[in-house]
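The values are calculated or read from the model by the stated rules, or taken from the named source; none is laboratory data. Remember, predicted model here, so these are calculated numbers, not experimental data. Heads up, the Cβs are rebuilt from the backbone with ideal geometry, glycines too, and the neighbour counts pull from every protein chain shown. These area figures cover heavy atoms from the full protein model, side chains too; ligands, DNA and RNA do not enter into them. Shrake-Rupley method; radii C 1.70, N 1.55, O 1.52, S 1.80 Å.
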Amino acid sequence: MQKHGFSIKIEGVAQDFGAFAALRNVSLEIKPGELVALLGPSGSGKTTLLRVIAGLNAPDRGRVLFDQEDATYLPVQDRKVGMVFQNYALFKHMTVADNIAYGLKVRPRRYRPSKTEITRRVEELLRFVQLEGLGSRFPGQLSGGQRQRVALARALAIEPRVLLLDEPFGALDARVRKDLRRWLREVHQKTGLTTIFVTHDQDEAMELADRVVVLNEGRIEQIGTPEELYDRPASSFVISFVGEAVALPVTVADGHVNFAGRELHIDTHGLPSGAAKVFFRPADITVASKGNGEIEGRVESIRRTPAGVRATIAIEGYDQTLEIDSPIDQAASLGEKIPLSFTKARVFPADVPDFDDIADGI
Amino acid sequence: MSDILISPALKKTSLRLCGATEDSAFARKLLIFVALLFLLLFLFAPLVVVFIEATRKGLPAFLASFHETDALAAIRLTLIVAAISVPANLIFGLAAAWAIAKFSFPGKSLLITLIDLPFSVSPVVSGLVYLLVFGAQGLCGKWFSAQGIQIIFAVPGIVLATIFVTFPFVARELIPLMQEQGTVEEEAALTLGASGLRTFWTVTIPNIKWGLLYGVLLCNARAMGEFGAVSVVSGHVRGLTNTIPLQVEILYNEYNSVAAFAMAVLLASLALVTLGLKTFLEWKYADALSGRSRRH
């Protein structure tokens, strides 16, 4: 296996499908050997962006560079991208070994390895994806996880410059998914390939990727490490899409945040006056001592979660509930009024739709 | 069948339902009987008659019918027409199905409708259209006859009419198949470095080969058996522009029933072989389509 990754640079890429703008002015730089997730809800443009990088879609505007070399109009065959498709797109009529060998067999005669060399490479790849002895099977005889490994081996056979995966775990059940996630991480470490994968599953993106690109309606909302996205979300969309968050409608006036006639002590980061939304993570809300709470709520329900206790709190004087992860004495507090304070909160303008607004609209 | 799906709680009512279907057992048997009788009378009996009539004056007379020069010419012409029109429609059908299944373009639904046109138009009408367009006084006919090329009442006209009538078979067979398969395997081949042509031969064709063969088979059966459209444009010149179906009609009108039925035996046998192959392909093709492993 080679140990070299290519850098990828995307400059102002845009693509329209009729009246629908799939990508609007997307710019992105990916470092050699990086593992990057393109995360977003359906219709956010993440798959379109992956296809532009692969050369399967030609962008209407903008450029794609592989190692500083303009590849925007490089035909897909010459890009040397290893692509793993959403439902694997294995050749049904070929054996597993023939599937893996395909990319080598179709090379021009000059670059084509000898038959024995191809057989050797196929064996090596089968071993690498832990499918030894299954070379003579047909894709229809394999499980979903095995098919995915074949798809990966087939993509790696051409010694790609980058590895692209479209929803690599989308069609698998939860347990296989977890195993394959860990395994993909290993593959990435072993090959050192620049790897980009598309997902709508934030857990997958956060667990696997070095950096996550959050896309929404054809635009990049934020690029950052999983920690940056979680701790310093750049927009109301990111905070509502990545991780859990509750939103309360507030008004901002001269740097002060008002909720239902009460002032909340939150840094507005220079947000201009007007309608806004304040977002809390469940883990950032705590039960305050009497008289020190910023808001008050009545405990509606308490339930066990794998991580601890999750309580649903109805905000006093307002038709809104909050979820908090905080140790509450169950028997004492159900139905009781408690003061709450928060360790962290983010305020964003109210006129920008967050993920929940978008999801409600679907 | 239905009682398998009914939960035990509903068993009481289901028993009553079973009773209701049992009552109709007689009706069911009657329906099957009527259907079989119908098939026997209107399909099987005529087929048998064709073979009986052909050999009524003994096997030598039957075989002698094929030694007639006109008969041989008709067989040759039928084979030539099929040999041209089937490959032509194979290519047209493949191209049309490809365009419809793999691209979106304006006028796509119009194209789908047009492909079906030969099925909805009477073959006689399509023959007449060719007569008007390519006839001696027709739009294109004048130009062609000036070049010394005769189309109507000659082999080119018969080929054209046959191509028109048999156009939908391959395309209609492939469109749903290719639409279902989409373009993702082709895209995979392209990312692996295969050229467009290579992708076509190694990925597209293997995926549609059974459907393609099935369409070609039906197309061939129709091309050899077409009567209406060919009859209009052929001019019935013995030994020159008579195909097997036309020859059958001429011989029959001359009360030469043994020779007429002998020729009809050829067409009937073609139909039987086609039916047999079709059944085999349906079995094979269903297996290939289901995405499960293939038999070896």
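Just a few scattered comments:
- Residue-averaged 222 nm ellipticity for chain A, from DSSP H runs of 4+ at -39500 (n - 2.57), nearest 500: -7500 deg cm²/dmol
- What the stretch B:113-225 shows is 45 Å² of accessible area per residue, with the surface traced by a 1.4 Å probe over protein heavy atoms.
- Solvent-free Debye scattering, log10 I(q)/I(0), computed from the Cα coordinates of chain A at q = 0.07, 0.11 Å⁻¹: -0.40, -0.83
- As a fraction of the 1.4 Å probe accessible area of the stretch A:8-236, surface on carbon and sulfur atoms comes out at 46 percent.
- For chain A, the relative contact order works out to 17 percent when only alpha carbon pairs closer than 8 Å and six or more residues apart are counted.
- Solvent-accessible surface of protein heavy atoms, probed at 1.4 angstrom with all chains present, puts A:268, B:279 in the order B:279, A:268, largest first.
- Once the Cα gyration tensor of the protein assembly as shown is diagonalised, semi-axes √(5λ) in Å: 68, 33, 26
- Proximal lysines to residue A:344, defined as alpha-carbon separation beneath 26 angstrom and excluding residues fewer than eight positions away on the same chain: A:277, A:290
- Alpha carbon convex hull of chain B, projected area averaged over orientations, nm²: 24.7
- Interface residues, the stretch A:85-129 - accessible area loss of 40 Å² or more versus chain alone, probe 1.4 Å: A:85, A:89, A:91, A:92, A:93, A:102, A:106
- Rounded if a/c under 1.5, otherwise prolate or oblate - the stretch A:244-350, Cα gyration tensor axes: prolate
- Whole-number percent relative contact order across the stretch B:87-187, with pairs defined as alpha carbons under 8 Å at least 6 apart: 45
- Cut-off 14 Å between beta-carbons: net charge of the residues surrounding residue A:223, Lys and Arg +1, Asp and Glu -1: 0
- Computed on protein heavy atoms with a 1.4 Å probe, the accessible areas place A:42, A:236 in the order A:42, A:236, largest first.
- Surface analysis of the stretch A:8-236 yields an accessible area of 41 Å² per residue, using protein heavy atoms and a 1.4 Å probe.
- Taking chain A as a Gaussian network of alpha-carbon nodes connected by springs under 10 Å, the highest mean-square fluctuation of the residues A:293, A:261, A:170 belongs to A:261.
- Residues along the stretch B:180-196 losing 10 Å² or more of accessible surface when the other protein chains are present rather than the chain by itself (probe 1.4 Å): B:181, B:184, B:185, B:187, B:188, B:189, B:190, B:191, B:192, B:193, B:194
- Within the accessible surface of the stretch B:53-130, defined with a 1.4 Å probe on protein heavy atoms only, the carbon and sulfur portion equals 74 percent.
- According to the Kirkwood relation over distinct C-alpha pairs, the hydrodynamic radius of the stretch B:24-102 is 17.4 Å.
- Just the protein heavy atoms count here, and of the accessible area of the stretch A:244-350 at 1.4 Å, carbon and sulfur take up 50 percent.
- Buried area at the B-A interface (accessible, heavy atoms, 1.4 Å probe, summed, Å²): 2000
- Chymotrypsin sites (Phe, Trp or Tyr not before Pro), loop per DSSP, at most 13 other Cβ atoms within 10 Å - longest free stretch of chain B: B:104-254
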